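For reference, the structure discussed in these notes is given below.
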Amino acid sequence: MMIKLSDYIFEFLKKHSIKHAFMLPGGGAMHLVDSLGKSGISYIPFLHEQGATIAAEAYAQHTNTPALVVVTSGPGATNAITAVTAGFIDSTPMIIISGQAKRADLVGDKGVRQIGSQEVQIIPMVKAITKYAVQVLEPTEIRYHLERAFYEATEGRPGPVWLDIPLDVQGCQINENSLEGYYPNNSREETDEIKKSIDEIVNLIISSEKPLIIAGNGIKISGAEDNLRAVLRLLDIPVETTWKAIDMFGENEKNYVGHPGIMGDRGANFIVQEADLLISIGARLDNSVTAFNEEHFAYNAKKIIIDIDNCEIKRMSFMKDVSLCCDANRFLVYLREALLNKQIQLLIENKKEVFSKWLAHCKDLRSCYPVVTEAHRNCLRFVSAYYFIDILCDLLKDNDVIVPESSGGAGEITYQAFRIKKGQKMKNAAGLGSMGFGLPYAIGSCIANDNRRTILINGDGAFQLNIQELETLHRLNLPVKIFIWCNDGYASIRNMQRNNFEGRYVGSSESSGCTMPDIRAVAEAYGFKTYAVNNNFELKEILSKIMSDDEALLCTLHMDPNETCSPRVKAYVGENGEMKSGLLEKMWPLLD
């Protein structure tokens, strides 16, 4: 049966349960765009390819299924690179399909920079940030490349894939019955090494007195949450989560004791330092967790590292006692089965009192170091970011979706102070930590969660980078409530310049050359109702009104321009009612 190649692509994707496409049309993708439009896949046009691709990355993070992006050639493709980079770092399954100049006009090996209209050699650019990237030059190979791309995006450690398709290839007629497919070698042996490691890990758990699990995003990606909970029920030991996995447990769940690191909570960091056994499952233990000081991270603990990526394990070779290159779900299935052994059950029963006291101690330790303090509540001149998060948490519903900006205080303070409720979902692009992700990420998150109410927490500086997607949000009529922290530009950069360069501010505030528009006026021009909160005293009343419904709106908050995020910071109120802070000397070991 003959079919146009671009039609075949979207028929294939539809059969593979792709329901949404994030896109911006262009001449270099004209056949792709036409075929998408008649495919039955719901397409969502954005006003910038970066916004479209960010939204797709968020969508895939929330659904744990591949997100589809369609962009045109040249600048359309290059505009997508930043979000694809974020997806690669955070193990996000994404399928990017870009248009390209026709084959006769490609640079190839001619040594020139460009021949075709808007031609850019995109595949060499994205090889380092994708699991599979290819320019489709032979129409008869389209089935192979689609099947290979879909497999690579979803198997093992997920990630983005990219197909670049020239115009004349897009429009080719192909016989779909004669196309060759991709047949991966899926054989996977159950090795003695895994069982041996499980035995060793069980012995370490039984012999420990203060075990701690750090649960990472790999658990969510592999669908292992139920098995993790089963293991926690059997052992009754504490668990902490990384940023990407923060919504795995509610704040008040029995075994949850916070999240560690520079942007973690202080009590959780003390727990890490007290533990005598640390089991990291599906977590990269990057610098934000180890505070750039791996040598002293969990200093008293033997360390077990479980990760699907052997390169990550090798990177952590200096800080592990036992490691296992294994899918998180597969590991937890093995561990649960081992813990159900009758002899092991007896040994666990003998440790029940010890583990129970340790868990109770962890809970008490966290309560001794609250993130939000009276100093935050008593800030007079401004809105304290910490107090805002505290009040917001009280007003959120159990099924709300929360999107902190991926960079700066709006992300860091939100994660540090947030009290998650079971049923809520909360994600951002933490690995890349780019400004400008907030708004399109909120749109993608809302779509992924069937238009559940979504809360975006954004800084005034970061909001500018994709502010055009206010129109996309307005057109889609999504229930997204936007809170903009107005702190005179880039508060995190000013903090860096203040602490490291004697307060020489460059391009980080109005006085140093960085200016911001009237964000409320901009939002109103796009058709949104707006609010403003000027200080802590106004906060509760206005937030209660805003959060009483699902209407999309924007609210600016006049934030303390010098408030920062760090578990090393002791906050207090200055003489004029502003927030001040005193830095403690080191992260590990934590000092009181």
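The values are calculated or read from the model by the stated rules, or taken from the named source; none is laboratory data. What you see is a predicted model, and the numbers here were worked out from it, not measured in a lab. In this analysis, Cβ positions are derived from the backbone assuming ideal geometry, glycine residues included, and neighbour counts consider all displayed protein chains.
The table below gives the values:
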quantity: Qualifying residues in the stretch 237-265 (those that are crowded, with 22+ Cβ neighbours inside 10 Å and over 22 Å from the mean Cα position of the chain (by Cα)) - the one nearest to Ile348 (Cα to Cα); calculated: Ile237
quantity: Spans of helices (runs of 4 or more DSSP H) in the stretch 94-207 with at least 2 residues among the acidic types (Asp, Glu) and at pLDDT 95 or above; calculated: 142-154
quantity: Qualifying residue in the stretch 237-246 (condition: at positive phi and either part of a helix (DSSP H, G or I) or touching a Leu at 6+ places or on another chain (Cβ under 8 Å) (or both)); calculated: no
quantity: Top-ranked residue in the stretch 219-236 [being free of Cβ contacts under 8 Å to residues at least 24 places away in the same chain and more than 24 Å from Thr65 (Cβ to Cβ); ranked as surrounded by the most Cβ atoms within 10 Å (Cβ to Cβ)]; calculated: Leu232
quantity: Members of the stretch 264-293 found to be acidic (Asp, Glu) and within 23 Å of Ser91 (Cα to Cα), listed by number; calculated: Asp286
quantity: Residue that is nearest to the chain's Cα centre (by Cα) [pool: residues in the stretch 196-232 that are under 27 Å from Ser288 (Cβ atoms) and of a type in the set (Lys, Arg)]; calculated: Lys220
quantity: Only one of Ser91, Ser73 that is in the same structural domain as Lys19 (by TED's automatic domain parsing) and in contact with a Ser or Thr (Cβ under 8 Å, 6 or more places away or on another chain); calculated: Ser73
quantity: Unmet criterion (only one of (1) part of a helix (DSSP H, G or I); (2) closer than 16 Å to Cys362 by Cα) for Asn300; calculated: (1)
quantity: Residue in the stretch 485-494 that is aliphatic (A, V, I, L, M), without any contact (Cβ under 8 Å) to a residue 12 or more places away in the chain and under 25 Å from Ser434 (Cα atoms) present; calculated: no
quantity: Ile420 being more than 24 Å from Asp518 (Cα to Cα), buried (at least 23 other Cβ atoms within 10 Å of the Cβ) and in contact (Cβ under 8 Å) with a residue 60 or more places away in the chain; calculated: yes
quantity: Which numbered condition Asp309 fails, given (1) closer than 21 Å to Ile89 by Cβ; (2) crowded, with 16+ Cβ neighbours inside 10 Å; calculated: (2)
quantity: Residue match in the stretch 402-410 (condition: assigned to a strand (DSSP E or B), surrounded by fewer than 20 Cβ atoms within 10 Å (Cβ to Cβ) and not β-branched (Val, Ile, Thr)); calculated: no
quantity: Condition met for Gly156 (on the phi > 0 side of the Ramachandran plot, in the same structural domain as Glu119 (by TED's automatic domain parsing), in contact (Cβ under 8 Å) with a residue 12 or more places away in the chain and not hydroxyl-bearing (Ser, Thr, Tyr)); calculated: yes
quantity: Test for Gly461: is it over 19 Å from the mean Cα position of the chain (by Cα) and either surrounded by fewer than 19 Cβ atoms within 10 Å (Cβ to Cβ) or on the phi > 0 side of the Ramachandran plot (or both); calculated: no
quantity: Residue count for the stretch 247-268, restricted to those that are within 11 Å of Tyr415 (Cα to Cα) and assigned to a helix (DSSP H, G or I); calculated: 1
quantity: The stretch 518-542, subset of a type outside the set (Phe, Trp, Tyr), under 26 Å from Glu471 (Cβ atoms) and in contact (Cβ under 8 Å) with a residue 40 or more places away in the chain, residue surrounded by the fewest Cβ atoms within 10 Å (Cβ to Cβ); calculated: Gly527
quantity: Positions within the stretch 415-472 being hydroxyl-bearing (Ser, Thr, Tyr) and either modelled with pLDDT under 95 or in a loop (DSSP other than H, G, I, E, B) (or both), in sequence order; calculated: Tyr415, Ser434
quantity: Residue in the stretch 374-381 that is more than 26 Å from Ser288 (Cβ to Cβ) and assigned to a helix (DSSP H, G or I) present; calculated: yes
quantity: Tally, over the stretch 309-321, of residues that are in contact (Cβ under 8 Å) with a residue 40 or more places away in the chain and in contact with a helix residue (DSSP H, G or I) (Cβ under 6 Å, 6 or more places away or on another chain); calculated: 0
quantity: Condition broken by Asn399, with the remaining ones in (1) touching a residue at least 24 places away in the same chain (Cβ under 8 Å); (2) outside the structural domain of Gln497 (by TED's automatic domain parsing); (3) surrounded by fewer than 19 Cβ atoms within 10 Å (Cβ to Cβ) satisfied; calculated: (2)
quantity: Matching residues, the stretch 88-111, being over 12 Å from Trp162 (Cα atoms) and either touching a His at 6+ places or on another chain (Cβ under 9 Å) or small (Gly, Ala, Ser) (or both); calculated: Ser91, Ala101, Ala104, Gly108, Gly111
